[in-house]
Structure formats: C-alpha cells, structure tokens
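Take a look at the structure set out below.
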Amino acid sequence: MWKKVSRSVFGVALLGALSGVAMANDVTAADIEKMLNAKISDSIIVGHVRQSGKAVILTVDDIIRLKSMGAGDGLLQNIQLPQGVPAGVVDPPPAGPRGMEVGVYAKKGEDWLEIATEVVNFKTSGILKAYTFRQDVNGKINGASSRTTLKTPIEIFLVTAEGISATEFQLVRLREKDTYREFRVASAGLGGAKSGVERDAVAFDHKKLGPGRFKIALPSTVVAGEYAFIPPTGTTGTGPGGAGAALGKAYTFRVLE
C-alpha cells in the first residue's frame, strides 16, 4: 500500500516538474518585444516560437504594442499559430529603422543615422516693384554647413506623428552663405496669393510602408550641396503662418561629391 502511494506521489511530482520546464520554455509577448528591439529577423523569431512547441498568447494591448514597434502582420499571425499548423509567409523586414521615434533617418552602411535638427529663423521682407508688392518669407539657419554628411545614393526613411503624411514635408536646397544657409519658404503678391517654395523646392517621391512610416526616394538630379527637410507647421508649433511665426526647425544634411 505504502509503495503504491509513494509511486503516485512521485508521479505527480515528476509531472509537475516537467510542466514547469515546459512553461519556462514558452515564448511570451515580452520575449517577442526583446527580439524586435534586438533587430532579430522575423524568420528567426518565428523559428524560435516553433521550437518552443507552443503558440504565443497575445492580448489586444500586446498586438498594438508589437505593431507600433514594427512587427508585420505576417509575424503577428505566425507566432500565434497553434502547434502543427504550417507557418505562413512572413512579411519581409521593414526597409527602415524599427521602433524609432518621429524623425528623419538616413542609411549609412548597415545602420540608420538620425538626421539632427537645426533651428530655423524665419524673416519676412517686402519689395515694391513696378506697382506690384511682393512679400517673401525666408528661412535662415546659422552655420555654414550641416553636421550630417551623406553620399549618393541616399536612402531616407521618414517616421511621422499620427495623421501626418510625407507630402506635408518639404525638401529644400539651401543657399550657402559664409556663416549661414537660407531658403525661400513663400512668396506672396499684391493679392496675397502664395507661390510656396518654388525657388528652392526639391521634388521627391515616397512610398508608405506603414502608419507614419515612409521611404523617401530623392531625385537623381540631386547634386552636392546643403539640403533640409522642413516639417509641417503643425508638428513644430512654430514656423511660417503659425502663432509668432519666428522659429521653426529643419532636418539638415549635406550631400557630398
């Protein structure tokens, strides 16, 4: 009788120990978050989950958080598949930085470099010529050159605040002076009609890769010199047309020969 009870107790204890080992090997949402932060590829993450033998249990908050970190739909779907179900097609890794804050980034080698901002001083001037009054709003950036230097071909990645599109940013060629750089933001005629940034504007194409994530393609006509991305007024709280309209910011970079 004693032997039978002892064996039963031993069996229960062994089962509990094995269950504890299995639970210790389960992959959690926190584990997925760590791997995303470490920039581990989607295929390796899915393989690690498969090796554990169990699907990852995600709450709605987990999905939203992982999505904001750059996890694709394919990755989120595959890590939640039950054991024995073949993994589907994993989304290719994002073409830009993962989990980065709002800003402009440039590819340098295998890394993404955040393009630093500089303060822009806006100045309004008026000219009366041939009975026509023209008002210009010029942007001035102190310093002869940007600290960020890039070589062609240039790959730019833009991360914006919610609801902001890449089309709301302006790329301008900066006119170089001895101690500062400048660009024209707007011109207004007698009737108040604005011509925008036609003088110094540089057109660019973009591709949306996700909410607030855009890949920017600079035109092949870009030559060596100073450039800046000007964010929309609403994201800076200052700038042309805003209250005070004295200061703003620009993401500046210099294109090398």
### Task
Please enumerate the residues belonging to segment 216-257 that are farther than 27 Å from T124 by Cβ and modelled with pLDDT under 90.
A217, L218, P219, S220, T221, V222, E257
### Task
Could you tell me whether segment 24-40 includes any residue that is among the aliphatic types (A, V, I, L, M), touching a Gly at 6+ places or on another chain (Cβ under 7 Å), within 30 Å of K207 (Cβ to Cβ) and at pLDDT below 80?
no
### Query
Can you tell me which of V102, V85, V90 is modelled with pLDDT of 85 or more, at negative phi and of a type in the set (A, V, I, L, M, F, W, C)?
V102
### Query
Hey, does segment 187-206 have a residue that's exposed (fewer than 14 other Cβ atoms within 10 Å of the Cβ), modelled with pLDDT of 85 or more and under 21 Å from S146 (Cα atoms)?
yes
#### Entry: Single condition E182 does not satisfy, out of (1) within 18 Å of F122 (Cα to Cα); (2) assigned to a strand (DSSP E or B); (3) at pLDDT below 90
(3)
### Query
Can we say F122 is farther than 25 Å from I40 by Cβ and either modelled with pLDDT under 75 or of a type outside the set (F, W, Y) (or both)?
no
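The values are calculated or read from the model by the stated rules, or taken from the named source; none is laboratory data. On a predicted model such as this, the values are computed, not experimentally measured, just so you know. Reconstructed Cβ throughout: ideal geometry from the backbone, glycine too, with neighbour counts over all protein chains shown.
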